[in-house]
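Participant: Have a look at the structure that comes next, please.
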Amino acid sequence: MPINYRASCIATLVGNNFFTVTFYKKDGSIRALNGRLGVTKHTKSGTTNDITGKYLCVYDVKNKGYRAVNVHRISKIKTKGTTTIYWPILEEG
C-alpha cells in the first residue's frame, strides 16, 4: 500500500515527540488523543509501521494502546507548542 503524502507530512511534523491529535472517528464523534509515533515497547516484533496507507499508528499514552488514526479525518495536531489545523476529508471513510 503506498504511503499517503498527508500521513508522511504529519509524521515529519511530530517526529519523535509527544503530540495531541484531534480527529473525527468513524461514527462522526470527535476524539482527542495524546500520543506518540514510533513506540515499539508493547509489540511482539519490536517494530511498528507508523504509516500504513492513510492511517497513522499512534501510541495512546493515556489508554496505553495503539490506535489507527485516519489522516483524512484529522482536524488538529498540537506538538511542541504549535497547533496545525487541517481540513478533514470526511468522505474518505
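Participant: From the phi of every residue in region 53-65, what ³J(HN,Hα) in whole Hz does the Karplus formula 6.51 cos²θ - 1.76 cosθ + 1.60 yield, where θ is phi - 60° and glycine or proline is x?
Facilitator: Running phi through 6.51 cos²θ - 1.76 cosθ + 1.60 with θ = phi - 60° gives x, 9, 10, 9, 8, 9, 7, 7, 5, 5, 8, 6, x Hz.
Participant: Right, another one. Residue separation times 0.36 nm, minus the C-alpha to C-alpha distance between S29 and K41: what's the value?
Facilitator: 1.4 nm
Participant: Can you work out ³J(HN,Hα) from phi for every residue in region 4-13, in order, using Karplus 6.51 cos²θ - 1.76 cosθ + 1.60 and θ = phi - 60°, giving whole Hz and x for Gly and Pro?
Facilitator: So the Karplus estimates, Gly and Pro as x, are 6, 4, 5, 5, 5, 5, 5, 4, 5, 4 Hz.
Each reported figure results from applying straightforward, stated rules to the coordinates on display, with no laboratory input. What you are looking at is a predicted structure, and each value in this text was computed from that prediction instead of being measured.
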